[in-house]
Amino acid sequence: MTDDPDEPLEGDIGPAAAAVRPAEPETDPAEEMRRYAAEREERRRRTNALSGRIAAALCAALLAYLTFDAVRAAIDDHAHGRAWIYPPGVVAAVCGVMLVALLTWVVRRVK
């Protein structure tokens, strides 16, 4: 224990305690707003990136299903002697090309 009257005691809430505590640095309001805006922009970018990944995954799943279904229909039509190139074959080709394009875009964007 010291006999210094200006030294605050543990748990002291009087004027001596305020004198010893380090003062909070004054923050510039403009700097605080810039920091807040930068944090908000970073949160927005992370949210947009996540929602973009989810949307790309859903589109890829849908295109994969449509391609599979169209190929299955083309095989069934061919086996039964029906026209298989125009309706299901073309749909399968278009969906397949779109799926490849989407996957290529995703891979190039990740790099």
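The values are calculated or read from the model by the stated rules, or taken from the named source; none is laboratory data. Keep in mind the model is a prediction, meaning the values are calculated, not measured. In this analysis, Cβ positions are derived from the backbone assuming ideal geometry, glycine residues included, and neighbour counts consider all displayed protein chains. For the accessible areas, the whole protein counts, side chains as well, though only heavy atoms, and no ligand, DNA or RNA atoms are used. Shrake-Rupley method; radii C 1.70, N 1.55, O 1.52, S 1.80 Å.
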**Study point:** Selection within the range 70-83 - over 19 Å from L99 (Cβ atoms) and open to solvent by 100 Å² or more (accessible area, probe 1.4 Å)
**Key:** H78, H80, R82
Study note, to complete from the structure: The residue from T47, T67, T2 that alone is modelled with pLDDT of 95 or more, among the β-branched types (V, I, T) and exposed (fewer than 12 other Cβ atoms within 10 Å of the Cβ) is T47
Practice item. Kindly indicate whether any position in the range 100-109 is at pLDDT below 95, open to solvent by less than 60 Å² (accessible area, probe 1.4 Å) and closer than 25 Å to A49 by Cα. Key: yes
Exercise for review: Filter the range 79-105 down to residues that are part of a loop (DSSP other than H, G, I, E, B) and among the hydrophobic types (A, V, I, L, M, F, W, C) and give me whichever is farthest from A60 (Cα to Cα).
Suggested key: A83
Point to revise | Residues being modelled with pLDDT under 65 and either part of a helix (DSSP H, G or I) or open to solvent by less than 100 Å² (accessible area, probe 1.4 Å) (or both) - total across the range 13-37 | key: 8
